[in-house]
Amino acid sequence: MLHLGEMVTATQSVNEETLQLLGAELDYVVQVVSPEEEDRELLESFKIEFGEDEGDDADLVPRPPVVTVMGHVDHGKTKTLDAIRNTNVVAREAGGITQHIGAYQVATTHEGEERKITFIDTPGHEAFTAMRARGAQATDIAVLVVAADDGVKPQTIEALNHAQAANVPIVVAVNKVDKEGADPTKVRAQLTEYGLVAEEFGGSTMFVDISAKQGLGIDSLLEAILLTADAELDLRANPDMDAQGLAIEAHLDKGRGPVATVLVQRGTLRVGDSIVCGEAYGRVRAMLDDNGDTVEEADPSRPVRVLGLTAVPRAGDNFLVVTDDRMARQIAQERAARQRIAEMAKAGRRRTLEELFSDYEKGKIDELKLIIKGDVSGSVEALEDALLKIDVGEEVNLRVLHRAVGAITEYDVNLAIADDNAVIIGFNVRPEVRARDLAEREGVDIRYYSVIYQAIEEIEAALKGMLKPEF
Ligand code: GDP
């Protein structure tokens, strides 16, 4: 590198261009791979394919849709999830107690047939974003909850942006129609601006009026989910293969050891299977469903809690059944080793504001995305307004992905990671410990300000490409 005139040391990161140059110099072909590709190659070396080939068309059978409920805070996401669960639990054995395992399945009758739907029961787009940041997609359909008395709000837009970015069809649940001042028609009108046009307005999005509190409209909502799934998605999976899927929640239980809720995406998971889940592995000792009942096997779209892992996986980690414990251990250990290397490298990997602007100038990125957190709503709004007013010529684009009052949370950092180029602005707020650790690990740029004009000056300078490298 020094011969090439690059003043770097062994602990520094270099861009792909420089790597290619070095490769050419040394007669190597350099291929830059994403962590997902790297993992795929690791699995291929064990003759395993994750998520690709499920066999012939004839091997595929319909599977239930997997649904995430999103929307603005207090619009009734949790209530909606509870209402759905209470009215439609899959026939449970007497004495079964509801267990919150991160997802549940309900049964409903649709066009004379019994159909199941799986709900991820962490409301909000936090879980969705965290998984996406890790390259995983668990959700087939998003239910966007909008309170009819409050209308479309910033997080409503955010949620629908997330769903649209992930190409996930949306069903709109217009909630709280029991309340005085509820105006479901207005919600429909507001959402047309964002490309969600109700069927009754000539569009293709299903809107359902509900009252989560009174349990009204829940059946119609389930109906709309199934209609949307049937019209827009071809949800089928092969149940006759080794199970694969995702971890959606995990924790360490004092008595039972690592406990993970996994969503089976294809194949059938059975007690006794050797599995690897992220960097954890083990043999499935027991499985529990969302009623706390033990189950012997789980088919596609079924969420189950798995006991028997050696470690706690992360939400979004993939899991798969392998031929034996040895292979499971080898894959897990290899992943852990790679993760350590990646973490060391990553500390300097994500780009700072300055680098983003140099990329911007080179035309590699087309806009600066910001996440603004502040101590009081007045300051957040004032800062956002001021930033959006910065005018340094039309080709420079500034977009606020998210703004809210409060400390910088893991969610904010995950959002910045999911949207590769986003920078977090903290106005009179600090990050939570876990958020700070995550940002450090992932190299997300967080900027702190306590005076609005300072923030404006810096962003403006950056936008003009005049930001000094050090301040
Ligand atoms: P979340 O933040 O979106 O999960 O919202 P919650 O489910 O916690 O609901 C926020 C508040 O709205 C709670 O006080 C609920 O009781 C209330 N709420 C939710 N759904 C309804 C509804 O259909 N009608 C009425 N009147 N209140 C509701």
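The values are calculated or read from the model by the stated rules, or taken from the named source; none is laboratory data. The structure displayed is predicted, hence computed values, not measured ones. Here Cβ is always computed from backbone atoms with ideal geometry, including for glycine, and neighbour counts include all displayed protein chains. What goes into the accessible areas is simple: the full protein's heavy atoms, side chains included, and nothing from ligands, DNA or RNA. Shrake-Rupley method; radii C 1.70, N 1.55, O 1.52, S 1.80 Å.
What to note about this one:
- Partners of residue 369 within straight-line reach, counting lysines whose Cα lies under 21 Å from its Cα and excluding those fewer than 8 residues away in the same chain: 153, 346, 389, 464, 468.
- In a reduced charge model with +1 at each Lys and Arg Cβ and -1 at each Asp and Glu Cβ, the chain shows a dipole moment near 1560 debye about its Cα centre.
- The alpha-carbon positions of the stretch 371-467 define a convex hull whose volume is 88 Å³ per residue.
- Portion, in percent, of the accessible area of the chain that falls on carbon or sulfur, probe 1.4 Å: 46 percent
- Cα-derived Rg over Rh, computed across the stretch 238-293 with Rh taken as Kirkwood radius: 0.94
- Each DSSP beta bridge with both residues in the chain is either parallel or antiparallel, and the antiparallel ones are about 55%.
- Per-residue HN-Hα couplings for the stretch 296-305 [Karplus 6.51, -1.76, 1.60; θ = phi - 60°; Hz; x = Gly/Pro]: 8, 8, 9, 9, x, 6, 8, x, 9, 8
- Taking amide H as placed 1.01 Å from N in the peptide plane, residue 400 has its amide H under 5 Å from the amide H of 370, each at least 5 places away in sequence or on another chain.
- Our Cα-only numbers for the stretch 194-283 put the radius of gyration and Dmax at 19.4, 56 Å.
- Estimated D of the stretch 231-353 in µm² per second, where Rh is the Kirkwood radius over Cα pairs and Stokes-Einstein applies at 10 °C, 1.306 mPa s: 105 µm²/s
- 5 angstrom amide H check on residue 171, placed H, neighbours 5+ away: 142, 143, 144
- Inter-probe distance in nm under a simple model that places probes 7 Å from Cα toward Cβ, at residue 201 and residue 167: 2.6 nm
- For residue 216, nonlocal amide neighbours, meaning residues 5 or more places apart or on other chains whose placed amide H falls under 5 Å from its own, are 211.
- Using θ = phi - 60° in the Karplus curve 6.51 cos²θ - 1.76 cosθ + 1.60, the 3J(HN,Hα) couplings for the stretch 146-163 round to 10, 6, 5, 8, 10, x, 6, 10, x, 6, 5, 5, 4, 4, 6, 4, 4, 5 Hz; x is entered for Gly and Pro.
- Relative intensity, log₁₀ I(q)/I(0), of the stretch 282-346 from a Debye sum that treats every alpha carbon as a point, q = 0.12, 0.26 Å⁻¹: -0.40, -1.27
- Rg in Å to one decimal, and Dmax rounded to a whole Å, for the chain via C-alpha atoms: 24.0, 75
- Other residues with beta-carbon under 14 Å from the beta-carbon of residue 147 carry, at +1 per Lys or Arg and -1 per Asp or Glu, a net charge of +1.
- For the chain, the solvent-accessible area with a 1.4 angstrom probe is 49 square angstrom per residue.
- Separation of the stretch 13-91 from the stretch 281-333 is 17 Å, based on Cα centroids.
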